[in-house]
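Take a look at the structure set out below.
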Amino acid sequence: MLEARQLVAGYGRLTALRGIDITVGAGEAVFVVGPNGAGKSTLLKTISGLMAPSRGQITFNGKNLRGKTPEQICRSGLALIPEGRHIFKTLSVAENLRIGSLIRKDKAAAQSDLEMVLETFPILRERYKGIAGYLSGGEQQQLAIARAILQRPALLMIDEPSLGLAPLVVDQVYDSLKRLNQSGLTLLIVEQSTGRIMNLASRIYVLRNGNVVLQGTPADLAEDGKLDTAYFGFSPDAA
Ligand SMILES: Nc1ncnc2c1ncn2[C@@H]1O[C@H](COP(=O)(O)OP(=O)(O)OP(=O)(O)O)[C@@H](O)[C@H]1O
Ligand SMILES: [Mg+2]
């Protein structure tokens, strides 16, 4: 479905991605994990067209994405929830959700999807007319996910869905991501920590200093503390 090959990108003289290969198959939940500054957000920004790579290819269902505008990429079925969520805080929950379905022409299906996300995230129905900025952090994350789902993306990318959330709320967000994935939504998710992801991930990439240092299924990576070694660059047991 999504394929990035030898992706190089950076900011001026700083190279943040040093030749990344990553694939996401239809129906998968693929995770990219790594410490601060690894290049995770840069990777999602580059895939979604917010940043231009200096080298490499990105294809989505066989079509080239490189050089396309973020809007073209969004219309081709990729949605990004950026770091920090970016909901419209002064608008109501309802208005935020309406923005999600703006690009859709199938208004009847959009209406039934709205019903579906309100089922999935009951708090949004409860606060439907309320101002989005008054929602708690976890509720805002649910709103951001709901809004992105209303675009009916083929692939949903999320930059650190658990950032700033209490552990219980992270569980709730992950439960809903799991249900969405089981209902067929393909996910590409960036996280700093690996704690919550094992149960949802089909495959995991570990990113450090702009390189993929390890990849595999959760079962592959759980073996012999491989994941910790790749993540930290040394084995915590040996330290
Ligand atoms: N707007 C920017 N201008 C200059 N350098 C940047 C910019 N954004 C990121 N960088 C640098 O690019 C590198 C990769 O950053 P990136 O934001 O992709 O990391 P990350 O893996 O998302 O980290 P975090 O877990 O802290 O969000 C870092 O060295 C960072 O300092
Ligand atoms: Mg980041």
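Derivation of every value follows stated rules applied to the coordinates shown; laboratory data play no part. These figures come from a predicted structure and were not determined experimentally. Note that each Cβ is placed from the backbone with ideal geometry, even for glycine, and that neighbours are counted across all protein chains shown.
For the pair region 35-56 / region 90-159, the C-alpha centres are spaced 26 Å from each other. If the label point is 7 Å along Cα→Cβ of ARG55, which residues in region 13-37 have backbone nitrogen under 20 Å from it? Flagged as within label range: 13-23.
Taken one residue at a time, the phi angles of region 168-179 give Karplus couplings (6.51, -1.76, 1.60, θ = phi - 60°) of 5, 5, 4, 4, 4, 4, 5, 4, 6, 5, 5, 4 Hz. Gly and Pro are set to x.
In debye to the nearest 20, how big a dipole does the chain give about its Cα centre with +1 on each Lys and Arg Cβ and -1 on each Asp and Glu Cβ? Mind showing how you got there, number by number?
Values: 27 positive and 22 negative charges, 216 e Å.
Here the chain has a charge dipole of around 1040 debye.
Tell me the mean residue ellipticity at 222 nm calculated for the chain from its helices only (DSSP H runs of n ≥ 4, each -39500 (n - 2.57), averaged over every residue, nearest 500). Don't skip to the answer; put the middle values down first.
Values: 9 runs with 83 residues, N = 239.
The per-residue figure over the chain is -10000 deg cm²/dmol.
Taking 30 Å as the cut-off for C-alpha to C-alpha distance, list the pairs among LYS40/LYS129; LYS40/LYS226; LYS45/LYS129; LYS89/LYS178; LYS68/LYS129; LYS129/LYS178 that go past it. The partial results should precede the final answer.
Details: LYS40/LYS129 35 Å; LYS40/LYS226 20 Å; LYS45/LYS129 32 Å; LYS89/LYS178 26 Å; LYS68/LYS129 36 Å; LYS129/LYS178 27 Å.
Going by Cα-Cα distance, LYS40/LYS129; LYS45/LYS129; LYS68/LYS129 fall outside the 30 Å limit.
With the simple spin-label model, which puts each label point 7 Å out from Cα in the Cβ direction, the ASP220 to GLN6 separation comes to 2.2 nm.
Rounded to the nearest 20, the size of the Cβ-charge dipole of region 85-152 about its Cα centre is 240 debye, with Lys and Arg at +1 and Asp and Glu at -1.
With 0.36 nm allotted per residue and the present C-alpha distance subtracted, the TYR134-LEU14 stretch has 39.4 nm of extension available. Rounded to the nearest whole Hz, the Karplus-based 3J(HN,Hα) values (6.51 cos²θ - 1.76 cosθ + 1.60, θ = phi - 60°) of region 83-97 follow the sequence 4, x, 6, 6, 7, 8, 5, 8, 8, 6, 4, 4, 5, 4, 5, with x at glycine and proline. With a simple spin-label model that places each label point 7 Å from the Cα along the Cα-to-Cβ direction, the separation between THR90 and LYS105 comes to 3.4 nm.
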